[in-house]
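S.K.: Could you have a look at this structure, given as structure tokens, before my questions?
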Amino acid sequence: MGSIEKLELILHPESQSDFVTRIEVEALRTGPDRIMVRYLVHGYIDMLDLPSEMPTGRADDLWQRTCFEAFIRVPGDPGYIELNFSPSTKWAAYRFDAYRAEMRSAPNVLQPQYDIRRDEQSYDFLAFVELALGDAPVWSAGLSAVIEEKSGNKSFWALSHPPGAPDFHHQDCFATELRAAGQT
């Protein structure tokens, strides 16, 4: 198993959040093609618009509401996979050949497994997902979140932000590495 990355997401400078005080994220390669991502949202959770849990399945446009995202690629490959996880347990996986180019469903991504917990001050969202990226020893990862409040306000969070409007696909957002077991 690789080593766990415990990081904090940064609020985009052009967005605001009245009710989220901090988002922590952990990422770990639990196998050659499997990752675990955990998003821990701190703040006034009852003021957030968190879609109710539904039967797990694929769905599009999840990023338009509260959504946790992971962008994964093999270094040196311009292509990448975008994963979207909704609190509803709906999910999406897309393959891109390059920056925002040739988007299509990523068929070799298996349905995630979730563990979701909440209280008044924290929302803990854990997802395990299997990807078909091969056995590369290192993956570049961009971890991010869109948080919608009940007022309709949306805030955009990522490990790093490029200049301008929020853009989680941008090269600057691939700000951490996930290593396979035995890799340092």
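S.K.: Counting Lys and Arg as +1 and Asp and Glu as -1, what is the net charge of the other residues whose Cβ lies under 12 Å from the Cβ of SER15?
M.R.: Numbers: positive: LYS154; negative: GLU14, ASP18, GLU148, GLU149.
Summing Lys and Arg as +1 and Asp and Glu as -1 gives -3.
S.K.: Right, something else. Using the Cβ atoms and a cut-off under 13 Å, what net charge is assigned to the surroundings of LEU110, where Lys and Arg are +1 and Asp and Glu are -1? Write down the numbers at each step before the final one.
M.R.: Values: positive: ARG34, ARG58; negative: ASP33, GLU130.
Summing Lys and Arg as +1 and Asp and Glu as -1 gives 0.
S.K.: Please report, as a whole percent, how much of the solvent-accessible surface of the chain comes from carbon and sulfur atoms (probe radius 1.4 Å). Kindly include the intermediate steps, with their values, before the conclusion.
M.R.: On the way: 4170 of 8670 Å².
After summing per-atom areas, the C and S share lands at 48 percent.
The values are calculated or read from the model by the stated rules, or taken from the named source; none is laboratory data. Values in this document were obtained by computation on a predicted structure and should not be read as measured data. Because the Cβ atoms are built from the backbone with ideal geometry, glycine has one as well, and the counts that use them run over all protein chains shown. Note: accessible area is taken over every heavy atom of the protein model, side chains too, but ligands, DNA and RNA are not part of it. Shrake-Rupley method; radii C 1.70, N 1.55, O 1.52, S 1.80 Å.
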